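Okay, so here's the structure we're looking at.
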Amino acid sequence: MMRPASILLVEDNPMDVELIIDAFKEARLGNKIQVAKNGKEALDFLFGKGDYTDRSQHPLPDIVLLDLKMPGIDGHEVLRQIKSTEKLKRLPVIILTSSRDEGDRAMSYDNGANSYLVKPVSFDDFLKVVKTVSDYWLTLNIEPPMD
């Protein structure tokens, strides 16, 4: 039996974090979700720095759900660093943002985003997004080799 996929959720809004985690629970998805509250924390997690040096406690995630609009190091910079690092460049990064801005979308894809999703407003729509992400990215998609 395969282990449930692990997800790094990079989100600075506590209400959105709660909504996403509740949607995964409601959908009965057993994924382990680690939360990084900002871009610096996400990069520390991904690069194994600071509190995240122990990879047995903090293994690399199977996918990253990344918000763009965060103070300090924003999602665009997190994405650039992931995709420009040999060890991380194949890690699937799904942009999950409120931004419908065409420039944000273009820049995200230019920097290697694997998908761009706009956060829905209602919980039911959020539940549909979570199920779709799970069905495709965590079930159907054949992940690239990370080595």
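Bear in mind these aren't lab numbers, they're just calculated from the coordinates by the rules spelled out. Because the structure is a prediction, the values reported are computed rather than measured. No Cβ is skipped: glycine too gets one built from the backbone with ideal geometry, and neighbour counts run over all protein chains shown.
When you work out D = kT/(6 pi eta Rh) for the chain at 25 °C and 0.890 mPa s, using the Kirkwood radius from C-alpha pairs as Rh and the Stokes-Einstein form, the result is 159 µm²/s.
Divide by every residue of the chain the summed helix terms, -39500 (n - 2.57) for each DSSP H run of at least 4, and state the resulting mean residue ellipticity at 222 nm, rounded to the nearest 500 deg cm²/dmol.
Numbers: 5 runs with 51 residues, N = 147.
After summing the helix terms and dividing by the residues of the chain, the value is -10500 deg cm²/dmol.
I need the peptides 18-24, 48-54 ranked by packing, meaning the mean over residues of other C-beta atoms within 10 angstrom, with the highest value on top.
On the way: 18-24: 17.9, 48-54: 12.6.
For the peptides 18-24, 48-54, the packing ranking is 18-24, 48-54.
Across segment 118-130, coupling constants 3J(HN,Hα) worked out from phi with the 6.51/-1.76/1.60 Karplus curve, θ = phi - 60°, read 8, 4, x, 8, 8, 5, 4, 5, 5, 4, 5, 5, 4 Hz, and Gly and Pro carry x.
Legend: calculated FRET efficiency, Lys89 to Leu140, from the Cβ-Cβ distance at R0 = 22 Å, rounded to 0.05, equals 0.50.
Take each peptide in 138-145, 108-115, count the other Cβ atoms within 10 Å of every residue, and average; sorted highest first, the result is 108-115, 138-145.
Take peptides 65-78, 90-103 and line them up by average Cβ neighbours within 10 Å, highest first, as a rough protection proxy.
Working: 65-78: 20.1, 90-103: 17.4.
Packing proxy ranking, top to bottom: 65-78, 90-103.
Label segment 1-71 by shape, choosing from rounded, prolate and oblate, from the square roots a ≥ b ≥ c of the eigenvalues of the Cα gyration tensor; if a/c is under 1.5 it is rounded, and otherwise prolate applies when a/b is larger than b/c, oblate when it is not. Oblate, since a/c reaches 1.5 and b/c is not below a/b.
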